[in-house]
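Colleague: Have a look at the structure that comes next, please.
The values are calculated or read from the model by the stated rules, or taken from the named source; none is laboratory data. Because the structure is a prediction, the values reported are computed rather than measured. Don't worry about glycine lacking a Cβ; one is built from the backbone with ideal geometry, like all the others, and counts go over all protein chains shown. Remember, those area values only see protein heavy atoms, side chains included, never the ligands or the DNA or RNA. Shrake-Rupley method; radii C 1.70, N 1.55, O 1.52, S 1.80 Å.
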Amino acid sequence: MSNVSDVIIVGAGVIGNATAYYLAKRGLRVTVLEKSEYIGNGGSSRNGGGVRQSGRHPAELPLVMYGVKNLWVNLSDELGMDVEYYQEGNLRLGKTPDHIKTLENLTNSAASGGLDVRMIDYKEAQSICPYLSDEVIGASWCPTDGHANPMLTTLAYYRAARRLGARFVSGAEVVEIRKLGGRARLVVTTDEVYEADTIVVAAGVASNKILETVGLRVPMNPALLECLVTEDCPPMFYQMLGTAMADFYGHQSKHGSFVFGGTTGYEPYTTYGGTPPATSGSAPGTCRGIIKYFPVLRDLKIVRTWAGWMDDCADHIPVIDTPDEVAGLVIGCGFSGHGFGISPTAATILAQLAVGETPVLDVSRFKYDRFKVRT
Amino acid sequence: MSAVDRTRDIGEYVPAQDDDMIVCRCEEITKGEIRRAVHDGMYNVHEVRRLLRCGMGLCQGQTCARLVKSIVARELGVRSLEDATARAPMRPIEMSVFANDGGGE
Ligand SMILES: Cc1cc2nc3c(=O)[nH]c(=O)nc-3n(C[C@H](O)[C@H](O)[C@H](O)COP(=O)(O)OP(=O)(O)OC[C@H]3O[C@@H](n4cnc5c(N)ncnc54)[C@H](O)[C@@H]3O)c2cc1C
């Protein structure tokens with residue numbers, strides 16, 4: 001088979017797969033090279049599934065709002081697979097006046113970006129989700145937030161792109177990008193050389209290793225995030241949940257199980273490589289957080305815990321850009337722990353950048369060269 | 001690790017008599033669903049499991065993991081495949097028990 005295509009995408013996470021889909025839909029010849037033997041084996045199959053606008057960085061807010069309005073609503077139909085998208089709102093809960101202050105700040109920032117999000121009292125929160133602990137005193141409420149199944153979304157984009165003729169090669173580790181005639185053109189894996197007019201690097205936290213071969217580097221580090229899932233139980237509530245202190249976040253899935261994530265405070269202290277290890281202290285801490293806000297869930301059984309790496313950028317927002325330094329290259333990485341909700345929009349834009357179109361939204365905040373040195 | 005081109009032709013999905021057989025009892029996934037997933041591009045147990053949830057229920061695949069693996073391998077025409085990853089806890093455990101590990105402030 002010929003190794004020449006219009007676009008090569010490095011990385012078959014949700015960003016790479018979705019970009020492949022939008023490009024294949026335009027009739028382009030696309031090749032996706034994935035280092036792992038498994039499609040979507042990075043953060044994309046390991047995340048909490050949040051499709052949230054509230055709490056987002058002001059620069060990211062327009063992208064995720066665009067996605068919620070235009071892309072997520074039809075995604076299951078478009079991809080021919082139920083991605084289990086629920087748009088039942090996001091409750092971010094608080095128990096103390098300090099928590100409420102934190103929530104108010106987040107709410108004001110998002111509302112000034114045009115998002116429908118507001119503070120509500122315990123009574124209103126209780127009317128939305130009757131299972132709350134009565135220690136909750138208030139919450140922020142964003143009715144258009146939601147969640148989806150990240151494994152299905154990632155595989156749905158893969159399946160749809162593959163059906164449109166995109167070529168996926170797994171077990172294909174990219175080790176170098178080479179220029180030809182001043183443009184990035186050749187993509188070298190451990191056993192093949194591929195060629196394309198445009199190369200999209202969407203390799204998550206491992207993107208730097210590839211970008212460095214053409215002299216580029218995004219200031220980002222790996223950080224370990226962890227999740228757990230419970231046995232299934234009858235439907236209780238379908239809001240996305242979070243707290244002012246980020247003790248935990250999560251939701252009930254279509255299947256009936258609850259998926260929760262939490263933080264330990266030690267996320268950046270990790271060594272990237274291999275299967276991300278679930279640490280012993282994380283899930284118990286998340287359980288304590290959950291029980292404090294949802295005592296009714298205390299007897300629910302945990303069936304599995306897992307972990308994944310996020311690609312945490314210095315300013316916690318991604319790079320989505322065609323860098324001036326290297327013609328023929330598109331970068332989409334550094335999604336900093338919130339790349340799932342934004343993925344349909346980010347990939348739409350990456351596909352536009354790959355064909356030289358003006359993106360549907362302004363992406364100047366996500367430029368590669370925004371990181372200026374201190375002096 | 002070797003490269004696997006997902007455009008590799010593995011032939012059409014051909015319905016079989018035992019396609020209705022339940023393979024994963026926790027999540028009620030049939031042999032036919034697993035076989036169809038392979039033909040939809042899920043070329044290993046990880047992807048099949050993420051798509052269908054087989055082996056992700058209460059027993060976490062302790063009953064069906066080997067069977068799922070052999071069905072996927074046969075469909076692909078390969079001799080062996082890697083196992084899916086096992087994760088803690090070993091047995092389902094109540095949140096309140098898990099929470100009680102003495103950690104936290
Ligand atoms: C536990 C956890 C919870 C999260 N919760 C949420 C949430 O609720 N909401 C939300 O919006 N986001 C969440 N995120 C973040 C989200 O998962 C990521 O931002 C998103 O999946 C990033 O997708 P990606 O395609 O950029 O990266 P990845 O999924 O990591 O994909 C990158 C791919 O590139 C491949 N690759 C690496 N090096 C090479 C190479 N040399 N050659 C070829 N391929 C290579 C990798 O194997 C990988 O498959 C969470 C993340 C984690 C870990």
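Colleague: Specify which of the listed residues (A:Thr263, A:Thr286) is touching a strand residue (DSSP E or B) at 6+ places or on another chain (Cβ under 7 Å), of a type in the set (Val, Ile, Thr), in the same structural domain as A:Leu225 (by TED's automatic domain parsing) and touching a residue at least 12 places away in the same chain (Cβ under 8 Å).
Modeller: Values: A:Thr263 fails: touching a strand residue (DSSP E or B) at 6+ places or on another chain (Cβ under 7 Å).
Result of the check over A:Thr263, A:Thr286: A:Thr286.
Colleague: Related question: Tell me which residues, restricted to segment A:332-365, are more than 10 Å from the ligand (Cβ to nearest atom) and closer than 22 Å to A:Asp145 by Cβ.
Modeller: A:Pro344, A:Thr345, A:Thr348, A:Ile349, A:Val360, A:Leu361, A:Arg365
Colleague: Given the residues A:Thr264, A:Thr279, A:Thr305, A:Thr271, which is the only one that is assigned to a strand (DSSP E or B) and more than 10 Å from the ligand (Cβ to nearest atom)? Break it down into steps so the answer makes sense when it comes.
Modeller: On the way: A:Thr264 fails: assigned to a strand (DSSP E or B); A:Thr279 fails: assigned to a strand (DSSP E or B); A:Thr271 fails: assigned to a strand (DSSP E or B).
It is A:Thr305.
Colleague: Between a residue in segment A:77-93 that is among the aromatic types (Phe, Trp, Tyr) and any residue that is outside any loop (DSSP other than H, G, I, E, B) and open to solvent by 40 Å² or more (accessible area, probe 1.4 Å), which pairs come within a Cβ distance under 8 Å, given they are 6 or more apart or on different chains?
Modeller: Matching pairs, first to second residue: A:Tyr85/A:Val73.
Colleague: Scan segment B:79-100 and tell me whether some residue there is more than 7 Å from chain A (Cβ to nearest Cβ), farther than 30 Å from A:Tyr266 by Cβ, in contact with a Lys or Arg (Cβ under 9 Å, 6 or more places away or on another chain) and not acidic (Asp, Glu).
Modeller: yes
Colleague: I would also like to ask the following. For B:Arg36, only one of the following conditions fails: (1) at the interface with chain A (Cβ under 9 Å from one of its Cβ atoms); (2) in a helix (DSSP H, G or I); (3) open to solvent by 30 Å² or more (accessible area, probe 1.4 Å); (4) not aromatic (Phe, Trp, Tyr). What is its number?
Modeller: (1) is the only condition that B:Arg36 fails.
Colleague: Considering only segment A:221-234, how many residues are under 19 Å from A:His316 (Cβ atoms), among the hydrophobic types (A, V, I, L, M, F, W, C) and more than 8 Å from the ligand (Cβ to nearest atom)?
Modeller: Adding up the residues that qualify gives 1.
Colleague: Something else: All but one of (1) over 19 Å from the mean Cα position of the chain (by Cα); (2) touching a residue at least 40 places away in the same chain (Cβ under 8 Å); (3) more than 14 Å from the ligand (Cβ to nearest atom) hold for A:Ile8; state the number of the condition that does not hold.
Modeller: Single failed check for A:Ile8: (3).
Colleague: Taking the options A:Thr31, A:Thr19, name whichever one is within 15 Å of the ligand (Cβ to nearest atom), more than 18 Å from the chain's Cα centre (by Cα) and under 27 Å from A:Ala327 (Cβ atoms). So that I can check it myself, show each step before the final result.
Modeller: Details: A:Thr19 fails: more than 18 Å from the chain's Cα centre (by Cα).
The match here is A:Thr31.
Colleague: How many of the residues in segment A:182-215 are of a type in the set (Gly, Ala, Ser), within 13 Å of the ligand (Cβ to nearest atom) and more than 24 Å from A:Ala278 (Cα to Cα)? Before you say what the answer is, go through the steps one by one.
Modeller: First, pick out the residues of segment A:182-215 that are of a type in the set (Gly, Ala, Ser): A:182, A:184, A:196, A:202-204, A:206-207, A:215.
Then keep just the ones that are within 13 Å of the ligand (Cβ to nearest atom); that gives A:202-204, A:206-207.
Pick out the ones that are also more than 24 Å from A:Ala278 (Cα to Cα) and you get A:202.
Matching residues across segment A:182-215 total 1.
Colleague: Let me ask something else about it. Quick one: which residue in B:Gly102, B:Gly77 is of a type in the set (Gly, Ala, Ser) and either within 9 Å of the chain's Cα centre (by Cα) or under 23 Å from A:Val169 (Cβ atoms) (or both)?
Modeller: Details: B:Gly102 fails: either within 9 Å of the chain's Cα centre (by Cα) or under 23 Å from A:Val169 (Cβ atoms) (or both).
After applying the criteria, what remains is B:Gly77.
Colleague: Here's a follow-up. Restricting the first residue to segment A:26-44 and requiring it to be more than 10 Å from chain B (Cβ to nearest Cβ) and among the charged types (D, E, K, R), which pairs with a second residue that is more than 9 Å from the ligand (Cβ to nearest atom) and not in a loop (DSSP other than H, G, I, E, B) meet a Cβ separation below 6 Å and a spacing of at least six or different chains?
Modeller: A:Arg29/A:Ser5; A:Arg29/A:Asp6
Colleague: Among the listed residues A:Glu37, A:Glu84, A:Glu104, A:Glu60, identify the single one that is open to solvent by 60 Å² or more (accessible area, probe 1.4 Å), within 15 Å of the ligand (Cβ to nearest atom) and of a type in the set (D, E, K, R).
Modeller: Details: A:Glu84 fails: open to solvent by 60 Å² or more (accessible area, probe 1.4 Å); A:Glu104 fails: within 15 Å of the ligand (Cβ to nearest atom); A:Glu60 fails: open to solvent by 60 Å² or more (accessible area, probe 1.4 Å).
Exactly one residue qualifies, and that residue is A:Glu37.
Colleague: Continuing with this model, one more query. Mind listing just one residue for me: the one in segment A:165-181 that is open to solvent by less than 30 Å² (accessible area, probe 1.4 Å) and part of a strand (DSSP E or B) and, of those, nearest to the ligand (Cβ to nearest atom)? So that I can check it myself, show each step before the final result.
Modeller: Residues of segment A:165-181 open to solvent by less than 30 Å² (accessible area, probe 1.4 Å): A:166-172, A:174, A:177.
Then drop every residue that is not part of a strand (DSSP E or B), which leaves A:167-170, A:174, A:177.
Numbers: A:Arg167: 14, A:Phe168: 11, A:Val169: 9, A:Ser170: 9, A:Val174: 4, A:Ile177: 10 Å.
Looking at residues that are open to solvent by less than 30 Å² (accessible area, probe 1.4 Å) and part of a strand (DSSP E or B), I get A:Val174.
Colleague: Can you tell me which residues in segment A:179-226 are closer than 24 Å to B:Val4 by Cα and of a type in the set (Asp, Glu)?
Modeller: Selection gives A:Asp191, A:Glu192, A:Glu195, A:Asp197.
Colleague: Among (1) within 15 Å of the ligand (Cβ to nearest atom); (2) β-branched (Val, Ile, Thr); (3) part of a strand (DSSP E or B); (4) open to solvent by less than 20 Å² (accessible area, probe 1.4 Å), where does A:Val218 come up short?
Modeller: (3)
Colleague: Taking only segment B:11-28 into account, find how many residues are surrounded by 14 or more Cβ atoms within 10 Å (Cβ to Cβ) and within 18 Å of B:Leu76 (Cβ to Cβ).
Modeller: Qualifying residue count for the region: 3.
Colleague: Quick one: would you say A:Ile290 is assigned to a loop (DSSP other than H, G, I, E, B), open to solvent by less than 10 Å² (accessible area, probe 1.4 Å) and within 23 Å of A:Thr107 (Cα to Cα)? Quick ask: steps written out before the conclusion?
Modeller: Numbers: assigned to a loop (DSSP other than H, G, I, E, B): no; open to solvent by less than 10 Å² (accessible area, probe 1.4 Å): yes; within 23 Å of A:Thr107 (Cα to Cα): yes.
No; evaluated as a whole, the condition is false for this residue.
Colleague: Select from segment A:84-99 the residues that are of a type outside the set (Ser, Thr, Tyr) and part of a strand (DSSP E or B) and list them in ascending order. Before the answer, list the steps.
Modeller: Let us first name the residues in segment A:84-99 that are of a type outside the set (Ser, Thr, Tyr), namely A:84, A:87-95, A:97-99.
Selection gives A:Asn90, A:Leu91, A:Arg92, A:Leu93, A:Gly94.
Colleague: Is one or more of the residues making up segment A:237-253 within 30 Å of A:Ala24 (Cβ to Cβ) and assigned by TED's automatic domain parsing to the domain that holds A:Arg92? Give the derivation first.
Modeller: Residues of segment A:237-253 within 30 Å of A:Ala24 (Cβ to Cβ): A:253.
In the following step, the residues that additionally are assigned by TED's automatic domain parsing to the domain that holds A:Arg92 were identified as A:253.
Looking through segment A:237-253, at least one residue is within 30 Å of A:Ala24 (Cβ to Cβ) and assigned by TED's automatic domain parsing to the domain that holds A:Arg92.
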